[in-house]
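The block underneath contains the structure these notes are about, expressed in structure tokens.
None of the figures in this text is laboratory data; all of them are computed from the coordinates on show. Remember, predicted model here, so these are calculated numbers, not experimental data. Here the Cβ positions follow ideal geometry from the backbone for every residue, glycine too, while neighbour counts run over all protein chains shown.
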């Protein structure tokens with residue numbers, strides 16, 4: 001934590017739990033690190049890297065539920081939620097699907113914070129069209145396909 005300024009904190013559906021969220025929020029607070037929520041599809045066993053079909057309203061509720069949990073821990077420590085950044089397959093699905101990106105946007109609107117995503121994808125198009133502040137990012141540690149999309153794998157290979 002002393003080396004970063006912003007952290008994406010897992011909200012329990014792909015990793016973490018209430019004890020780890022509390023501890024991570026407290027650690028971030030001690031180091032002045034801003035905290036963003038990192039919600040995912042409900043896929044603990046697959047670390048949020050397996051795609052799932054969910055109705056848009058159900059997906060929005062899933063995200064609100066997760067972000068709300070983290071926001072409670074932040075408020076308890078006198079901290080504010082800084083952003084929301086979807087995790088894993090949810091991130092990839094929202095980059096490609098207008099319907100998924102809109103479901104994410106509807107959830108983020110509840111919390112009045114920026115949403116993080118990839119420039120030149122549905123993230124940017126939908127989130128900005130929905131009036132959200134958009135934070136673009138680039139992964140230096142992941143591979144991209146020929147269309148500029150992040151390749152999400154279930155396992156990272158060490159070369």
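A few comments on the model shown:
- For the range 29-159, a Kirkwood radius taken over Cα pairs fed into Stokes-Einstein (25 °C, viscosity 0.890 mPa s) yields D = 161 µm²/s.
- By the beta-carbon count within 10 Å of each Cβ, the least crowded to most crowded order of 141, 43, fewest first, is 141, 43.
- Beta-bridge orientation, the chain: approximately 10 percent antiparallel, per DSSP, counting only bridges with both partners inside.
- Spin-label proximity, residue 20 to the range 36-52 - amide N less than 16 Å from point 7 Å beyond Cα toward beta carbon: 36-50
- Viscosity 1.567 mPa s, 4 °C: Kirkwood-radius Stokes-Einstein D of the range 1-105 over Cα pairs, µm²/s: 94
- Segment residue 65-residue 110, length gained on full extension (0.36 nm per residue, minus Cα span): 15.1 nm
- Model label zone, residue 44; criterion: amide N under 19 Å from point 7 Å along Cα-to-beta-carbon; scope the range 71-94: 71, 73, 87-90
- Over the residues of the chain, the helix contribution to mean residue ellipticity at 222 nm works out to -13000 deg cm²/dmol, using -39500 (n - 2.57) for each DSSP H run of at least 4.
- Cβ crowding within 10 Å ranks 4, 135 as 4, 135, fewest other Cβ atoms first.
- Mean silhouette area of the range 1-54, derived from the convex hull of its C-alpha atoms and averaged over all directions, reads 4.0 nm².
- Label-point separation in nm, residue 129 to residue 58, each point 7 Å along Cα→Cβ: 2.4
- Modelled this way, with points 7 Å down the Cα-to-C-beta line, the labels at residue 147 and residue 99 are 1.7 nm from one another.
- Order of 23, 38 - criterion: other Cβ atoms within 10 Å of each residue's Cβ, fewest first: 23, 38
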